[in-house]
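One structure below.
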Amino acid sequence: MSDWPVAGFTSTGSKHPQGIYGDGDASGVPRLMSRSAGCYVWDDRDKRYVDCIMALGAVALGYGHPVVKLAAAAAIEAGVVGPLAPVVEAELAEDLQRLIPRLEQVRFLKTGAEACAAAVRLARAYTGREMVLSCGYHGWLDWAASGPGVPAAVSYLSDVIPFNNIEETRRLIRATGHRLACVIIEPVIEAEPHPEWLATLRAETTRVGALWIIDEVKTACRIAIGGATERYGLEPDLMVLGKALANGFPLAVVGGRRAVMERVADTWISSTLATEFVSLAAARACLDVMQLEDVPATLHKAGSRLFAGLGRLAHEYPDLVTRTMGIPEMCHLEFRDEAFSRGVAIGAARRGVLFKRSAYNFVSLAHDGAVVEQVVDTLAEVLGDIRR
Ligand SMILES: Cc1ncc(COP(=O)(O)O)c(C=O)c1O
């Protein structure tokens, strides 16, 4: 692949064939795609697949949803960008405020990583402190990363808290104390959050004068429009939204308490194309569909069907599968061995199903009962083959 023009094969790490199929040769599986519609994608040879990966959770209504397409087409017709703040920016902010009342003010960005970085920047500006505790994945930018290229000085300013571990969370927040600017968490990591863990996060951050940020990049517009904050009735200072918000168009949001958001005046959070209006219009349309069709409830129903099917497979193939992981709306199987995991991803793809082996599969509005059954039946066939 040394003559391939894209460094590292593709600009989205999780779309690398190794991420999907594991290390080693995998013949007869798609690596490139040409188009998508509903719950299907077509590879570069025009073979069709049922997709359970759904752009890594960035699409909840199905690919090319007609209402979103119309809104985007109108925004393209209207010129895409310009020198002034577009009307649609404030309109979308008002929609979000109405649907997620904790978003007293918002700022728009293009990626989840940017919006998380903006949330952390605002927390540091608001508190005048530097330390950050995090739990989960918050993007690739320096504050949230480690390894070659990330300055050690930046890494010293953050630490990790373990998901659902109440004692350790309390200990770390208290130990960081008056140096702590914020705690940022993913609310669902392979399991539902424990109510007591969530209560500890709120109480302990308040106790030391730090902010609590919930990164709803995967969960907003999926488990509820307002994500875990809405589902579990939480009270974060800031929230971050992304992925499914604009059904595949690039858009992310940082928002929350007005007093914190107003600190944008003291720091610099800005991007030339944050206000292109195709994504903003797509998000408005997406939110309309979300409400009209009660999309989170439909995703829960379809997801529960998939989750139950995966549970049956875990029960029938205990020699290959350890357990199901996640929640109905975002789930996968845990395999006993990397070879089984690879075998399932490759076998399913050869049979026309794209299924994530070690990270979440996401259903969409386009995944009806028949499609979900097809996915589960295909996985059963593949597991049967591997066992034989
Ligand atoms: C919870 C969470 N936060 C942040 C990000 C980063 O978002 P993006 O890839 O749009 O930068 C992701 C991406 O997977 C995510 O799942």
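The values are calculated or read from the model by the stated rules, or taken from the named source; none is laboratory data. Here the structure is a predicted model, which means the values were calculated and not measured. A quick note on method: Cβ atoms are made from the backbone with ideal geometry, for glycine too, and the neighbour counts reach across all protein chains shown.
Within the stretch 289-317, residues that are without any contact (Cβ under 8 Å) to a residue 40 or more places away in the chain have Cβ atoms under 8 Å from residues that are of a type in the set (K, R) in these pairs: A314/R323, counting only partners at least 6 apart in sequence or on another chain.
Within the stretch 359-383, the only residue that satisfies the criterion of being among the hydroxyl-bearing types (S, T, Y) and in contact with a His (Cβ under 7 Å, 6 or more places away or on another chain) is Y360.
I'd like to know if the stretch 98-108 contains one or more residues that are within 16 Å of the ligand (Cβ to nearest atom) and at pLDDT 95 or above. Checking the stretch 98-108: at least one residue is within 16 Å of the ligand (Cβ to nearest atom) and at pLDDT 95 or above. Criterion applied to M261, M290 was being touching a strand residue (DSSP E or B) at 6+ places or on another chain (Cβ under 9 Å) and either more than 30 Å from E130 (Cβ to Cβ) or at pLDDT 95 or above (or both), and the one residue passing it is M261.
Looking at the structure I just gave you, is T229 within 11 Å of the ligand (Cβ to nearest atom) and under 21 Å from G326 (Cα atoms)? Answer is no for this residue. M33: more than 22 Å from G242 (Cα to Cα) and under 23 Å from the mean Cα position of the chain (by Cα), yes or no? Spelling it out, M33 is indeed more than 22 Å from G242 (Cα to Cα) and under 23 Å from the mean Cα position of the chain (by Cα). Where helices (runs of 4 or more DSSP H) sit wholly within the stretch 178-289, those with at least 3 residues that are not hydrophobic (A, V, I, L, M, F, W, C) occupy 195-208, 227-231. Residue count for the stretch 322-358 satisfying the condition of being under 25 Å from K218 (Cα atoms) and either aliphatic (A, V, I, L, M) or in contact (Cβ under 8 Å) with a residue 40 or more places away in the chain (or both): 17. Counting only helices (runs of 4 or more DSSP H) wholly contained in the stretch 52-168, the ones carrying 2 or more residues that are in contact (Cβ under 8 Å) with a residue 60 or more places away in the chain and within 20 Å of the chain's Cα centre (by Cα) occupy 54-57, 87-99, 112-127. Of all residues assigned to the stretch 197-218, at least one qualifies as being assigned by TED's automatic domain parsing to the domain that holds A283, touching a Gly at 6+ places or on another chain (Cβ under 6 Å), in contact (Cβ under 8 Å) with a residue 60 or more places away in the chain and within 13 Å of the ligand (Cβ to nearest atom). Here D51 meets the list (1) charged (D, E, K, R); (2) over 27 Å from G139 (Cα atoms); (3) not assigned by TED's automatic domain parsing to the domain that holds L234 almost entirely, failing just condition (2).
Return yes or no: is G369 more than 25 Å from A191 (Cβ to Cβ), modelled with pLDDT of 95 or more and in contact with a helix residue (DSSP H, G or I) (Cβ under 8 Å, 6 or more places away or on another chain)?
So G369 fits the description; yes.
Taking the stretch 1-35 as the range and being in contact with a Gly (Cβ under 8 Å, 6 or more places away or on another chain) and among the small types (G, A, S) as the test, the residues that pass are G13, G19.
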